[in-house]
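The values are calculated or read from the model by the stated rules, or taken from the named source; none is laboratory data. Predicted model, so just to flag it, every value in this text is computed and none were measured. Cβ: placed from backbone, ideal geometry, glycine included. Neighbour counts: every protein chain shown.
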Amino acid sequence: MTIKAKEVLKNKFWLVEDDGEKIGTLSYDNEKYMLNDSTGHCHYFSSQNAISKKFDSKINWTKLDITETAPTEKLVHGMPTSCLPHNPIYDVKRKLPMFSKSTKSKSLYCAGYFIIRFDKGWVKSFCPKLITIERYESKGPFKTEIEMRTELSRVNK
């Protein structure tokens, strides 16, 4: 009998397996361990040793393997984006950094902050769709929200 407790939540929740077959879940709430077995019964234990005695076996406690991933840049040609950009391109003629939100997407978004003139006036926008920029008068892209707000207040005067 090889009992393994695979950590799911650090020091709080484990999946309990016997030779690769799930036999229950184990949780800990700062006072006691609670084992919900596959038959639907609930068992309470005061320590890990008490759990080992229940199974008449040593339990192999595996730790949760947390690996830090380096944050990826949400930038397209120096301009901020609202999500992780896919297919980044730069339209030289219009001077627009563009991207799509997934590898298979056909919709293009413009990186950066913009102000767009609709019928009711100028509005601020972060990473608008390219089609919106094409249909309406706009100014941008701006690297920061402060630059965009400054231009917005200037055009509203």
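Only one of the numbered conditions (1) modelled with pLDDT under 90; (2) aliphatic (A, V, I, L, M); (3) over 30 Å from Phe142 (Cβ atoms) is violated by Ala70, and that is (3).
Selection of strands (runs of 3 or more DSSP E) fully inside the stretch 27-68 by the criterion of at least 3 residues being within 34 Å of the chain's Cα centre (by Cα) returns 33-37, 59-62.
Would you mind stating whether Tyr44 is under 30 Å from Ile131 (Cα atoms), among the aromatic types (Phe, Trp, Tyr) and without any contact (Cβ under 8 Å) to a residue 60 or more places away in the chain? For Tyr44, the condition - under 30 Å from Ile131 (Cα atoms), among the aromatic types (Phe, Trp, Tyr) and without any contact (Cβ under 8 Å) to a residue 60 or more places away in the chain - is not met. Is there a residue being closer than 30 Å to Phe142 by Cα and of a type in the set (Lys, Arg) anywhere in the stretch 12-34? No: zero hits.
Against the conditions (1) surrounded by 10 or more Cβ atoms within 10 Å (Cβ to Cβ); (2) under 30 Å from Lys129 (Cβ atoms); (3) without any contact (Cβ under 8 Å) to a residue 40 or more places away in the chain, Met79 satisfies every one except (3).
Filtering the stretch 98-157 to residues that are β-branched (Val, Ile, Thr) and not in a loop (DSSP other than H, G, I, E, B) leaves Ile115, Ile116, Val123, Ile131, Thr132, Ile133, Ile146, Thr150, Val155.
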